[in-house]
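> If you scroll down you'll find the structure; I have some questions about it.
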Number of protein chains: 2
Amino acid sequence: MTMEAARTLRDEEIHQLGELAAQLRVDAIRCSTRAGSGHPTSSLSAADLLAVLISRHLRYDWADPDSPANDHLIFSKGHASPLLYAVFKAVGAITDQELVDTYRAFGSRLQGHPTPALPWVDVATGSLGQGLPVGVGIALAGQYLDHLPFHVWVLCGDSETAEGSIWEALDKAGHYGLRNLTAVVDVNRFGQRGTTELEWDLDTYRRRMEAFGCQAIVIDGHDLVAVDDALRRARQATGPTVLLARTLKGKGVPEIENKPDWHGKPLKADLAERAVSALGGTRQIRVTGPRPEPAPPATAPAAEPPDLPRYDRGAKVPTRNAYGDALRAVGRRPDVVVLDGEVSDSTRADRFAGAYPDRFFEMFISEQQLVAAAVGLQVRGYRPFASTFAAFLSRAYDFIRMAGISQADIALSGSHAGVEIGADGPSQMGLEDLAAMRAVHGSTVLYPSDAVSCAALVAQMVDRKGINYLRTTRGGYPVLYDNDDAFPVGGSKLLRGGDDDRVALIGAGVTVHNSLAAADELAREGIGARVIDLYSVKPLDRDRLVDAVRDTGGRLVVVEDHYPEGGLGSAVLEALADLPEPVRVAHLAVGGLPTSGTPTELMDQAGIGTGAIVAAARALLGKTG
Amino acid sequence: MTMEAARTLRDEEIHQLGELAAQLRVDAIRCSTRAGSGHPTSSLSAADLLAVLISRHLRYDWADPDSPANDHLIFSKGHASPLLYAVFKAVGAITDQELVDTYRAFGSRLQGHPTPALPWVDVATGSLGQGLPVGVGIALAGQYLDHLPFHVWVLCGDSETAEGSIWEALDKAGHYGLRNLTAVVDVNRFGQRGTTELEWDLDTYRRRMEAFGCQAIVIDGHDLVAVDDALRRARQATGPTVLLARTLKGKGVPEIENKPDWHGKPLKADLAERAVSALGGTRQIRVTGPRPEPAPPATAPAAEPPDLPRYDRGAKVPTRNAYGDALRAVGRRPDVVVLDGEVSDSTRADRFAGAYPDRFFEMFISEQQLVAAAVGLQVRGYRPFASTFAAFLSRAYDFIRMAGISQADIALSGSHAGVEIGADGPSQMGLEDLAAMRAVHGSTVLYPSDAVSCAALVAQMVDRKGINYLRTTRGGYPVLYDNDDAFPVGGSKLLRGGDDDRVALIGAGVTVHNSLAAADELAREGIGARVIDLYSVKPLDRDRLVDAVRDTGGRLVVVEDHYPEGGLGSAVLEALADLPEPVRVAHLAVGGLPTSGTPTELMDQAGIGTGAIVAAARALLGKTG
């Protein structure tokens, strides 16, 4: 291929590319040495790849990073940020001064690993194995929704191919035939603490990639002509492509080139000086790469208001059904897309898929890719809803964490929450999801008790910023609300209450129903019990809780179908932490390890059933039995 | 192969195997129909595979499930529990009555998905893609530590090969050349809601498996002779093997065989009756499969008490260094094994690896496999410590959740906690780990502030049950304690305090140091501030907190290097929830999205630095500036 390719690059062009590559290397060294930390050697190995990519293949209008026509460039190996920022300097997006003076400094947007604080960065990377799965989501948008010719280029490290998420991504790239996706793997054969598993066994890499449905192109990653040819072939391919680039870590600096023990270490000043000198000194080359073809103006279809499903009060409707119904309703909006992890008949996402098959993406049983694809789709402005069992979203927790750092706007729905699911047993029960999701930066956590409130919350999730998590219940419980009631995020509902309330029963989801039954029983004993539906777990309706404290003498029973730590109980306690009045909270949660059984058996065993609530209320009031 | 293999099975044997397979099918139908839920069709597809395996290849003493000589049988497709329990009946481990009368019933050990409530089940499964990675851990133990000839057989579904964790497992199986590991993939081409990605494309499966370093054997999964031959070849292989068995979902019941829409659905009574009849009715065949060769008696070496590292008070020692030092010290015990996710030079697990290379397993960058291997190693009685950055343990959260359900005894260490890490930025900061880990069933969460307490806690983690999580800090902070101090799990330390304490400053890890500095500053203002080191976040030293409430008039400042939800603050609030006295907690945590910077800059920005603690204490006392 090299001979044929050679015809496409003139000597002068090769020289210019070499100069640019040298500049990228020099700048990566300069900024990391100045910062005193960073990963110069991991940048040096990929400098030639990037020099060719940005000069000749990446179609990007650096002055208009939001243009839908732009290609996408993702550093899945986010630790190579010195190289990425050197690229940004080379294209004129940032100045040399910003690069060298602010890299990794407090207050700088040039952070240790890339984040969307920079307008040319789609998503935060730095947790390895995530950039490529997100790239799959962007490519899905381009090929299946936008129908735009942009290409998604993802720079991967070789070490990160040990992450299963890389194979989830390649599998989906192959399955969906993503011709607009190219992974460029920088095979420098060194990880952080030594050689990688496969070192320079490019043939094994190739066989793996091909078996997963991608076209693999093996090249010398420092041969500018070969790189150019491979990138051209990648763009013209009819399916997903992987460039397997054999490279040298630390390439270009003889003292560190291809040597172990240089991962993540900046060059000391004297070594940096020698290196920069050997590389020909500092340059201020400004690259003008190919521009994207202008995208046709987006035709923003008038957003029709959703015609939300309506339910009869008292009818027993699982909230997961309401999720599916509401999804279908908000699906009138063409920017709403839905993904599921091969359980859409359980999560009820299939109700959307049936109505809008072109905007439904089956991710099969790969929850990491499920969330990553959602993050990628929102990069292109879509409003993704991704669903699976609440328990299995834990599989994607690192992706959700990183989505928070990316300040991505996504909606997640976890069905089959808590012991309420019954006979399937603990492996299928979401029992730690409220804690995990609450702790994600910028998250919203919703847990409706009935179908009406669930549908109303789904409608709000469409336009809500950040990571929006909806917890749904397997079984059917009575509709509690009128179809025209409002359920603002951050609000709550007072279901029972009067002037003589002596205790407040606080639940969310299924435990609201148990609390109502408990209030009835307490009423029969002459005990006034307030019942609060905290459908918005984060943000929480603190005012409602403060009122309850003041009205009941600080007697609260908080009951949740979740392990005791970090869930609804913690949310209530956190909200009231600085309240001067005494508060006594009886916290009922799933203390032991659940088994199989009926929902009622399991809730009673867990101590979150009606009887336990009544007993807790009595105890707060100093009554026994 | 079939012709050659045919010589190894007599007609009579084939008949017996067929009868056994029919019994397994019948029993899977009977128990799930009786329970009214379960996955009979996913059981039927694999019945022939299991009939041959348990009759002729699985070397297992069912009366002695703890025998180290036993093979291991893991249902990675845990939803096929009707088949697994039918196997247990066939080998005489459980009665027909227990099988049919108690499957999925409340209080039964025959839960919807297998758990170690059954002595023949190593680990809980039901979250797909986990059984095989755990099997890798068991196989590592057998081949590298036990040096015993047992074999690990893992029944996988075809759908679960979409999980990246399967590829992490196969990659490690190949890397470590695990000749004692066989995955049997039941390729019935149907998932839950339709066909799988690859359907019956056995050739693509084969190419993937082979590219990942495993010998693939493609067979008709209903051809008893072929199955027998393949299982024999698998046991004799010199590396890891994968049987790719083409099967029919619902095999043996014409009305449902090879039909979609039958996933996870029990047969109605009339259909079940017809099916059982067509399969020849109920049988009570008792199988006697091969027994393991007796294992040599385990030579339990005298456990030497660890010679824990000692540190000088005031010396600045990162707790991650103490982790590595202590690991090396407890490494005297031959049952201690250590794993790391390719960052052992950062977590300091390399200090163990250098001393005990034979008991160190490099898992490269595959955190799911890292945790799964630890779970597998503890199945064989080892005491695994698995480490990576705290942030990246989130990648394995589903595995940690499931390890809790397995009631596995493992130690996890997450380094680089919080904004304290500085310049690398938020992707590398563990900021939700305390919330996530606290919410795991049966977890212990430890977060020492100095090297002495860290080493003492590591020593206790060796023998502690359940999921033990240790959070360590990147930077060096002064040693606070004497080497002979005691740090019991569940305890705490009073670092400052007197009769006139008016406020308590409560921290863990790095914020203990900030709290000490704050107490000094408050003392200069004449304000007595108690300082509590809550190194044991779960379980928590409630008594110490209650004393603090009573002695300070309920004024607590809790400060943590973690997002605000679910961490140390919540732990304190949960512990004091039902205290009758008024408590006012000023909770300082990382509220915004961190960036790069120095540790001090970032802690100050996050509002968890010394100045913020002083201000919070003053505010609780009604003082300003």
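The values are calculated or read from the model by the stated rules, or taken from the named source; none is laboratory data. What you see is a predicted model, and the numbers here were worked out from it, not measured in a lab. Here Cβ is always computed from backbone atoms with ideal geometry, including for glycine, and neighbour counts include all displayed protein chains.
> What number of residues within segment B:218-255 are farther than 22 Å from B:Leu44 by Cβ and of a type in the set (A, V, I, L, M, F, W, C)?
2
> Another question, then. Taking interchain pairs and intrachain pairs at least six residues apart, which have beta carbon atoms under 9 angstrom, with the first residue in segment A:142-156 and over 23 Å from A:Arg383 (Cα atoms) and the second assigned to a loop (DSSP other than H, G, I, E, B)?
That search, which allows pairs on different chains as well, returns A:Leu155/A:Ala46; A:Leu155/A:Ser76; A:Leu155/A:Lys77; A:Cys156/A:Ser76; A:Cys156/A:Lys77; A:Cys156/A:Leu128; A:Cys156/A:Gly129.
> Considering each residue of segment A:356-387, count those that are within 14 Å of chain B (Cβ to nearest Cβ) and either hydrophobic (A, V, I, L, M, F, W, C) or part of a helix (DSSP H, G or I) (or both), and give that number. Lay out the reasoning, then the answer.
From segment A:356-387, those within 14 Å of chain B (Cβ to nearest Cβ) are A:357, A:360-373, A:375, A:387; that's our starting set.
Next cut, either hydrophobic (A, V, I, L, M, F, W, C) or part of a helix (DSSP H, G or I) (or both) only: A:357, A:360-361, A:363-365, A:367-373, A:375.
Adding up the residues that qualify gives 14.
Here's the yes/no breakdown for (1) within 30 Å of B:Asp66 (Cα to Cα); (2) small (Gly, Ala, Ser); (3) out of contact with any Cys (no Cβ under 7 Å at 6 or more places or on another chain):
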{"position": "B:Ser344", "(1), (2), (3)": "no, yes, yes"}
{"position": "B:Arg348", "(1), (2), (3)": "no, no, yes"}
{"position": "B:Tyr356", "(1), (2), (3)": "yes, no, yes"}
{"position": "B:Val375", "(1), (2), (3)": "yes, no, yes"}
{"position": "B:Tyr382", "(1), (2), (3)": "yes, no, yes"}
{"position": "B:Ala386", "(1), (2), (3)": "yes, yes, yes"}
{"position": "B:Phe389", "(1), (2), (3)": "no, no, yes"}
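> Within segment B:580-598, which residues are more than 7 Å from chain A (Cβ to nearest Cβ) and either surrounded by 22 or more Cβ atoms within 10 Å (Cβ to Cβ) or out of contact with any Gly (no Cβ under 9 Å at 6 or more places or on another chain) (or both)?
In the first step, residues of segment B:580-598 are kept if they are more than 7 Å from chain A (Cβ to nearest Cβ); the result is B:583, B:588-592, B:594.
Once the filter is applied, which keeps residues that are more than 7 Å from chain A (Cβ to nearest Cβ) and either surrounded by 22 or more Cβ atoms within 10 Å (Cβ to Cβ) or out of contact with any Gly (no Cβ under 9 Å at 6 or more places or on another chain) (or both), segment B:580-598 yields B:Val583, B:Leu588, B:Ala589, B:Val590, B:Pro594.
> If you check B:Gly414, B:Gly376, B:Gly442, which single one turns out to be of a type in the set (Gly, Ala, Ser) and surrounded by fewer than 24 Cβ atoms within 10 Å (Cβ to Cβ)?
Exactly one of B:Gly414, B:Gly376, B:Gly442 is of a type in the set (Gly, Ala, Ser) and surrounded by fewer than 24 Cβ atoms within 10 Å (Cβ to Cβ), namely B:Gly442.
> So which of B:Leu540, B:Leu556, B:Leu573, B:Leu545 ends up being part of a loop (DSSP other than H, G, I, E, B), modelled with pLDDT of 95 or more, among the aliphatic types (A, V, I, L, M) and in the same structural domain as B:Glu525 (by TED's automatic domain parsing)?
Details: B:Leu556 fails: part of a loop (DSSP other than H, G, I, E, B); B:Leu573 fails: part of a loop (DSSP other than H, G, I, E, B); B:Leu545 fails: part of a loop (DSSP other than H, G, I, E, B).
Exactly one of B:Leu540, B:Leu556, B:Leu573, B:Leu545 is part of a loop (DSSP other than H, G, I, E, B), modelled with pLDDT of 95 or more, among the aliphatic types (A, V, I, L, M) and in the same structural domain as B:Glu525 (by TED's automatic domain parsing), namely B:Leu540.
> List every residue pair whose Cβ atoms lie under 9 Å apart, where the two residues are 6 or more positions apart in sequence or sit on different chains, the first residue falls within segment B:164-193 and is more than 9 Å from chain A (Cβ to nearest Cβ) and acidic (Asp, Glu), and the second residue, located anywhere, is buried (at least 24 other Cβ atoms within 10 Å of the Cβ) and part of a strand (DSSP E or B).
B:Asp186/B:Leu155; B:Asp186/B:Cys156; B:Asp186/B:Gly157; B:Asp186/B:Ala245
> So, A:Glu601, is that one assigned to a helix (DSSP H, G or I), within 11 Å of chain B (Cβ to nearest Cβ) and farther than 24 Å from B:Leu573 by Cβ or not? Quick ask: steps written out before the conclusion?
Working: assigned to a helix (DSSP H, G or I): yes; within 11 Å of chain B (Cβ to nearest Cβ): yes; farther than 24 Å from B:Leu573 by Cβ: yes.
For A:Glu601, the condition - assigned to a helix (DSSP H, G or I), within 11 Å of chain B (Cβ to nearest Cβ) and farther than 24 Å from B:Leu573 by Cβ - is met.
> Scan segment A:318-330 for residues that are under 15 Å from A:Thr347 (Cβ atoms) and of a type outside the set (Asp, Glu) and jot them down. Don't jump to the end; show me each part of the working.
Step one: filter segment A:318-330 for residues under 15 Å from A:Thr347 (Cβ atoms), giving A:318-328.
Listed by number, the residues that qualify are A:Pro318, A:Thr319, A:Arg320, A:Asn321, A:Ala322, A:Tyr323, A:Gly324, A:Ala326, A:Leu327, A:Arg328.
> Does segment B:193-210 contain at least one residue that is of a type in the set (Val, Ile, Thr), over 31 Å from the mean Cα position of the chain (by Cα) and either over 25 Å from A:Arg206 (Cβ atoms) or not assigned by TED's automatic domain parsing to the domain that holds B:His151 (or both)? First the steps, then the outcome.
So in segment B:193-210, the residues of a type in the set (Val, Ile, Thr) come out as B:195-196, B:204.
Filter once more, so that each one left must be over 31 Å from the mean Cα position of the chain (by Cα): none.
For segment B:193-210, residues of a type in the set (Val, Ile, Thr), over 31 Å from the mean Cα position of the chain (by Cα) and either over 25 Å from A:Arg206 (Cβ atoms) or not assigned by TED's automatic domain parsing to the domain that holds B:His151 (or both): absent.
> Hey, among the residues in segment A:559-570 that are assigned to a helix (DSSP H, G or I) and facing chain B (nearest Cβ under 7 Å), which one's surrounded by the fewest Cβ atoms within 10 Å (Cβ to Cβ)?
To start, the set of residues in segment A:559-570 that are assigned to a helix (DSSP H, G or I) comprises A:568-570.
Right, trim to facing chain B (nearest Cβ under 7 Å) and you get A:569-570.
On the way: A:Gly569: 26, A:Ser570: 32.
The qualifying residue surrounded by the fewest Cβ atoms within 10 Å (Cβ to Cβ) is A:Gly569.
> For a quick check of your reading: which helices (runs of 4 or more DSSP H) sit entirely within segment B:180-289 and have at least 2 residues that are of a type in the set (Val, Ile, Thr)? Can you show your working first?
On the way: elements: B:202-211, B:224-236, B:269-278.
Where helices (runs of 4 or more DSSP H) fall fully within segment B:180-289 and carry at least 2 residues being of a type in the set (Val, Ile, Thr), they are B:224-236.
> Another question about this same structure. Scan segment A:530-553 and give yes if some residue there is closer than 30 Å to B:Arg618 by Cα, surrounded by fewer than 24 Cβ atoms within 10 Å (Cβ to Cβ), over 29 Å from the mean Cα position of the chain (by Cα) and facing chain B (nearest Cβ under 10 Å), otherwise no.
Checked segment A:530-553: no residue is closer than 30 Å to B:Arg618 by Cα, surrounded by fewer than 24 Cβ atoms within 10 Å (Cβ to Cβ), over 29 Å from the mean Cα position of the chain (by Cα) and facing chain B (nearest Cβ under 10 Å).
> Could you tell me which numbered condition A:Gly142 fails, if it satisfies all but one of (1) out of contact with any Pro (no Cβ under 7 Å at 6 or more places or on another chain); (2) over 25 Å from A:Val338 (Cα atoms)?
(2)
> Another question, then. Looking at segment A:325-355, which of its residues are in contact with a strand residue (DSSP E or B) (Cβ under 7 Å, 6 or more places away or on another chain) and in a loop (DSSP other than H, G, I, E, B)?
Listed by number, the residues that qualify are A:Asp335, A:Gly341, A:Glu342, A:Val343, A:Ala349.
> Determine whether segment B:20-28 contains at least one residue that is in contact (Cβ under 8 Å) with a residue 40 or more places away in the chain, in a helix (DSSP H, G or I), touching a Pro at 6+ places or on another chain (Cβ under 6 Å) and more than 20 Å from B:Leu244 (Cβ to Cβ).
yes
> Hey, any hits in segment A:134-148 for a residue that's within 12 Å of another protein chain (Cβ to nearest Cβ) and modelled with pLDDT of 95 or more?
Checked against the condition, which is being within 12 Å of another protein chain (Cβ to nearest Cβ) and modelled with pLDDT of 95 or more, segment A:134-148 yields no hits at all.
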